[in-house]
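Here's the structure, in structure tokens; my notes come after.
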Amino acid sequence: MNRKLLDLWVGFFVAVGFAAILFLALRVGNLSSAGFAETYSLTAKFDNIGGLKARGPVKSAGVVVGRVAEIHFDAQTYEAVVVMKMDSRYQFPRDTFASILTAGLLGEQYIGLDAGGDDRMLQSGDTFAKTQSAVVLEKLIGQFMFSKASEHIESK
């Protein structure tokens, strides 16, 4: 092989390597699924959002139906307000239940939607009436330890 052909192949593999790194970076950052589909926004209020982040998935029955667009704190009610951009192909009843769930034991957090049975659908700008905050592992462990300590004290 002559020198120019060898340089060409090295350049080709370097370019493929950069493309692979870019692809992986976009997948990790949830940016590759940012499509240009038509969306509508829904809002949910939670006492605790745990590790939920902007651009996190919104799923129903395991299917991604939207993304978290914005998270902010409401100083009046002391709750976290989560604004979601939902794919317009998917409509949900007014009594849909929104929960913050975790994918796996230590995985990313996402919003799970459990559809209700109401005939009326949520419209753009509506707020979920029923929500369930994230389960914080540290709180559960603390409650367990406190209950075991109080049992120990009562038994004496």
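Data overview
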{"quantity": "Neighbours by Cβ (under 7 Å, 6+ apart or cross-chain): first from region 121-147, more than 16 Å from G50 (Cβ to Cβ); second open to solvent by 70 Å² or more (accessible area, probe 1.4 Å) and hydrophobic (A, V, I, L, M, F, W, C)", "calculated": "none"}
{"quantity": "Residue list for region 102-120, filter: touching a residue at least 24 places away in the same chain (Cβ under 8 Å) and of a type in the set (A, V, I, L, M)", "calculated": "I111, L113, A115"}
{"quantity": "Flag if L24 is of a type in the set (A, V, I, L, M) and in a strand (DSSP E or B)", "calculated": "no"}
{"quantity": "Evaluation of K53 against (1) assigned to a loop (DSSP other than H, G, I, E, B); (2) basic (K, R); (3) open to solvent by less than 70 Å² (accessible area, probe 1.4 Å) (one fails), failing number", "calculated": "(3)"}
{"quantity": "Within region 72-85, considering residues that are open to solvent by 60 Å² or more (accessible area, probe 1.4 Å) and touching a residue at least 12 places away in the same chain (Cβ under 8 Å), the one nearest to the chain's Cα centre (by Cα)", "calculated": "K85"}
{"quantity": "Leading residue by the ranking (farthest from the chain's Cα centre (by Cα)) among those in region 86-143 that are farther than 20 Å from A61 by Cβ and hydroxyl-bearing (S, T, Y)", "calculated": "S124"}
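The values are calculated or read from the model by the stated rules, or taken from the named source; none is laboratory data. Keep in mind it's a predicted model, so treat the numbers as computed, not measured. So basically every Cβ, Gly included, is an ideal-geometry build from the backbone, and we count neighbours across all protein chains shown. Just the protein is used for accessible areas: all its heavy atoms, side chains included, with ligands, DNA and RNA removed. Shrake-Rupley method; radii C 1.70, N 1.55, O 1.52, S 1.80 Å.
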